[in-house]
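Worksheet: the structure to be examined is printed underneath.
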Amino acid sequence: MSAVSAAESQALMVPIELACGVVAGPMFVATFTVIGARRAGYDWRGHAVSSLADGRGGWVQRANFIVTGALYCAVANGLARSSKHAAEPRAVRALIFGAGAGLVGSGLFVTDPVAGFPPASCDHDDADHTPSLAPTGEGRLHNLCAIPIFAGTPVAALICATHAARRGQYRWALYSAGSAVAMTGAFARFGAAFGGAPQLAGSGGLWQRISIATGFGWLSATSLRALRSNIQSRLEPRRRRCGIGGRLGG
């Protein structure tokens, strides 16, 4: 009896974990948008999202990174336990988990000042944490954590696109491939902008947000697609029983 209860509990957790992936991206974007609007001197068009984690009140964005990352780790686990998606490549689930872990790391390790924000005179939560032009070890770790997010997510989308095309799911394949290309292209643009490209001066924040919205939008769509399939697979046995009962009753 306990084994059955444990199996039922596990089955109930799967749609909850998949729902985590649906809400994670919109929650992340909405949170950093509100934080940026309230931060003095912050220009969303030219400043990085990660810069909101630095300085006074930066703990809110750090928490935003960590919570969102934990939600993506949860959806990766839900995809792994969803029987309806057992045929999905394991690499996709691993890459989504990697993106979640990267977000958690981005919250634990604060970025160095980017594009002049926060300014050197900014007050900091930690008296020992003062802005510096020289890269710090913590800043390097933050940049490393970004790799599974901005590189791993497009790769996961391309793998999904290939897998979907082989199964004849061409609309999903096209959307996944387009998301991968758009996220990668926007990533290259904001990387060049923050790297000092004069033609992209003052637009790094805009391109970064396009990259995030595209990639995280795909993650939300992937999670919603899996959630719908999971719900349908759970309802199918009940429909069959009702159909059999209806025929016997007739």
task = Quick one: in region 147-176, of everything that is closer than 15 Å to PRO89 by Cβ, at pLDDT 95 or above and over 17 Å from the mean Cα position of the chain (by Cα), which residue is surrounded by the fewest Cβ atoms within 10 Å (Cβ to Cβ)?
result = THR162
request  = Determine if region 193-213 includes at least one residue that is touching a Leu at 6+ places or on another chain (Cβ under 6 Å) and at negative phi.
outcome  = yes
ask   = Is it the case that some residue within region 95-115 is in contact with a Phe, Trp or Tyr (Cβ under 8 Å, 6 or more places away or on another chain), modelled with pLDDT under 95 and over 21 Å from ILE16 (Cα atoms)?
value = yes
ask   = Right, VAL49: surrounded by 18 or more Cβ atoms within 10 Å (Cβ to Cβ) and either touching a residue at least 60 places away in the same chain (Cβ under 8 Å) or farther than 24 Å from SER223 by Cα (or both) or not?
value = yes
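The values are calculated or read from the model by the stated rules, or taken from the named source; none is laboratory data. Computed from a predicted model, the values in this text were never measured in an experiment. Note that we place each Cβ from the backbone using ideal geometry, even for glycine, and neighbour counts take in every protein chain shown.
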